[in-house]
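Participant: I am attaching a structure below and will ask some questions about it afterwards.
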Amino acid sequence: MESLKEVYKIGRGPSSSHSMGPEWAARDFLKRFPQAEKFRVELYGSLALTGKGHLTDEAVLSALRGRDAEVVFDPKKKGLAHPNAMCFFAYGKEGLLGSVNYLSVGGGTVLAEGEERVVQNVYPFRNFGEWREYCDIEGVSLAEAVYRFEGDGIKVYLKKVLDAMFAAIGRGLNTEGVLPGDLKVLRKAKMLSESTAGESPEMREKRVISSYAFATAEENAGGGVIVTAPTCGASGVLPAVLRYIFERETLSEERLLDGLAVAGMVGNVVRTNASVSGAEAGCQAEIGTATAMAAAAVCSMMGANSEETEYAAEIALEHQLGLTCDPVHGYVQIPCIERNAVAALRALDSAGIARVLKGTRRISFDLIVKTMYETGKDINARYRETSKGGLAANFNKVS
């Protein structure tokens, strides 16, 4: 397994696979052909179908630094190696200099097709079961195991991640107005942060948690700086839970970093054995994974053992199986923003159930990850980040 730095990436939204990934690909291509006078970028599959709403063309053109370039959306391209495929062409005075196909595989990770990706494995584990076995033998917690293999520098990085997460919440709670795009979606985080007359303690808890999730998700939708956890579209779940538990329990920063470490490990297991790409496996791969990460973080911060932590992550992902990815007009707004808030609440519930029912689990987290990936492959392509089915299609019919 790779470093948690591959799970947590600080960058601009609204999409890790549709804006962060293509932006990285454009920068890489520019390094390969710095002498080019003109560029052409063709976006295929999900990038073509929802790229406008995800600001893919803007991200690519920005990375090409004002060079003479055009971006073409081609949703009819067949035989793609991945739903998020694109091809860059470089031209000089005498014609084509060269081209490279790129695949944006989720979480901001991009592969140049046909090239071997250099994988720097930090951990000797592949699945959750191997993590737990190691921790049981060594007598260490999951967080301690993360630090042991990553080295001391990971805490410095996780602190940057935590600061970026909380900064996004702060900006989102203090920003009003309308999000970019023709849907004219109102920012609602600030509204949710304000108390209402006669609300019960339970309703206040749900409102506050939701306001934190909305804050980050709206920052992402507006192209603000967020942290992939594991993706941009699901970036509001984990920060909301961390902030809420931090305030409720007055936790130390060290405990928060432990939660981030364990959450990252859970996301890493999914990235290694399945996918966190909505275009490849539906929103279950994004929001489902984020929910599992957040549930595991809660358990870690509250001192739960590895069995309880696995149970919480398993519950969280199991009950997101089959979740479709059908963003209206291709924007990471409807239903994405509300979905982050609902997932944050579900993560807390999953952790609570696991703590009470510890020792009764029958399903492993690894089995759920395998099932999620198989389910994602079976979901009709219209419901995997294409905006051609589900809510997106029905919204277009009535709007």
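The values are calculated or read from the model by the stated rules, or taken from the named source; none is laboratory data. Treat the numbers as computed from the prediction; the structure is a model and nothing was measured. Here the Cβ positions follow ideal geometry from the backbone for every residue, glycine too, while neighbour counts run over all protein chains shown. Please note that ligands, DNA and RNA were not included when accessible areas were found on the heavy atoms of the full protein model with its side chains. Shrake-Rupley method; radii C 1.70, N 1.55, O 1.52, S 1.80 Å.
Participant: Only one residue in Pro239, Pro230 is open to solvent by less than 50 Å² (accessible area, probe 1.4 Å), touching a strand residue (DSSP E or B) at 6+ places or on another chain (Cβ under 8 Å) and over 25 Å from Lys52 (Cβ atoms), so which one is that?
Facilitator: Being open to solvent by less than 50 Å² (accessible area, probe 1.4 Å), touching a strand residue (DSSP E or B) at 6+ places or on another chain (Cβ under 8 Å) and over 25 Å from Lys52 (Cβ atoms) holds for just one of Pro239, Pro230, which is Pro239.
Participant: Scan the stretch 233-277 for residues that are among the charged types (D, E, K, R) and in contact (Cβ under 8 Å) with a residue 24 or more places away in the chain and report the count.
Facilitator: 6
Participant: For the stretch 270-287, what are the residues that are open to solvent by 10 Å² or more (accessible area, probe 1.4 Å) and in a loop (DSSP other than H, G, I, E, B)?
Facilitator: Once the filter is applied, which keeps residues that are open to solvent by 10 Å² or more (accessible area, probe 1.4 Å) and in a loop (DSSP other than H, G, I, E, B), the stretch 270-287 yields Ala274, Glu286.
Participant: Within the stretch 109-144, can you find the residues that are part of a helix (DSSP H, G or I) and either at positive phi or not aromatic (Phe, Trp, Tyr) (or both)?
Facilitator: Hits for the stretch 109-144 are Gly129, Glu130, Arg132, Glu133, Cys135, Asp136, Ile137, Glu138, Leu142, Ala143, Glu144.
Participant: For the stretch 332-381, which positions are among the aromatic types (Phe, Trp, Tyr) and either outside any helix (DSSP H, G or I) or more than 18 Å from the chain's Cα centre (by Cα) (or both)?
Facilitator: Once the filter is applied, which keeps residues that are among the aromatic types (Phe, Trp, Tyr) and either outside any helix (DSSP H, G or I) or more than 18 Å from the chain's Cα centre (by Cα) (or both), the stretch 332-381 yields only Phe365.
Participant: Let me ask another. Picking from Val241, Val266, which residue would you name as being at pLDDT 95 or above and within 30 Å of Val178 (Cα to Cα)?
Facilitator: Working: Val266 fails: within 30 Å of Val178 (Cα to Cα).
When all the criteria are applied, what remains is Val241.
Participant: Touching a residue at least 12 places away in the same chain (Cβ under 8 Å) and under 18 Å from Glu2 (Cβ atoms): is that true of Val119 in this structure?
Facilitator: For Val119, the condition - touching a residue at least 12 places away in the same chain (Cβ under 8 Å) and under 18 Å from Glu2 (Cβ atoms) - is met.
Participant: Could I ask something else about it? I'd like the full set of residues that are in contact with a Pro (Cβ under 7 Å, 6 or more places away or on another chain) and either of a type in the set (Gly, Ala, Ser) or surrounded by fewer than 19 Cβ atoms within 10 Å (Cβ to Cβ) (or both), limited to the stretch 85-140.
Facilitator: From the stretch 85-140, those in contact with a Pro (Cβ under 7 Å, 6 or more places away or on another chain) are 86, 104, 107; that's our starting set.
Ser104, Gly107 - these are the residues of the stretch 85-140 that are in contact with a Pro (Cβ under 7 Å, 6 or more places away or on another chain) and either of a type in the set (Gly, Ala, Ser) or surrounded by fewer than 19 Cβ atoms within 10 Å (Cβ to Cβ) (or both).
Participant: Oh, and also: Restricting to the stretch 329-342, and then to whatever is surrounded by fewer than 24 Cβ atoms within 10 Å (Cβ to Cβ) and of a type in the set (A, V, I, L, M, F, W, C), can you tell me which residue is farthest from Ala48 (Cα to Cα)?
Facilitator: Across the stretch 329-342, the extreme among qualifying residues is Val342.
Participant: So in the stretch 1-26, with the set limited to residues that are surrounded by fewer than 24 Cβ atoms within 10 Å (Cβ to Cβ) and out of contact with any Gly (no Cβ under 8 Å at 6 or more places or on another chain), which one is nearest to Tyr331 (Cα to Cα)?
Facilitator: Ile10
Participant: Go through the residues of the stretch 36-47 one by one and say whether even a single one is farther than 25 Å from Arg384 by Cα and of a type in the set (Gly, Ala, Ser). Even if it seems obvious, please write down each step before you answer.
Facilitator: Step one: of the stretch 36-47, the residues farther than 25 Å from Arg384 by Cα are 36-40.
The next check asks that each one be of a type in the set (Gly, Ala, Ser); those that pass are 36.
There is at least one residue in the stretch 36-47 that is farther than 25 Å from Arg384 by Cα and of a type in the set (Gly, Ala, Ser).
Participant: Additional query: Looking for whichever is surrounded by fewer than 24 Cβ atoms within 10 Å (Cβ to Cβ) and in contact with a Leu (Cβ under 9 Å, 6 or more places away or on another chain) here; the options are Leu260, Leu321, Leu345, Leu256. Which one fits? Show your work before the answer.
Facilitator: Details: Leu260 fails: surrounded by fewer than 24 Cβ atoms within 10 Å (Cβ to Cβ); Leu321 fails: in contact with a Leu (Cβ under 9 Å, 6 or more places away or on another chain); Leu345 fails: in contact with a Leu (Cβ under 9 Å, 6 or more places away or on another chain).
Residue meeting the stated conditions: Leu256.
Participant: Looking only at residues in the stretch 382-399 that are in a loop (DSSP other than H, G, I, E, B) and not charged (D, E, K, R), which one is least open to solvent (accessible area, probe 1.4 Å)?
Facilitator: Applying the filter and picking the extreme gives Gly389.
Participant: Got a sec? Which of Lys358, Lys388, Lys370, Lys377 is touching a residue at least 24 places away in the same chain (Cβ under 8 Å), closer than 18 Å to Asn273 by Cα, touching an Asp or Glu at 6+ places or on another chain (Cβ under 9 Å) and charged (D, E, K, R)?
Facilitator: Residue meeting the stated conditions: Lys377.
Participant: Now a separate question. Take the residues in the stretch 359-399 that are more than 13 Å from Cys325 (Cα to Cα) and among the small types (Gly, Ala, Ser); name whichever of them is modelled with the highest pLDDT.
Facilitator: Among them, the one singled out is Ser364.
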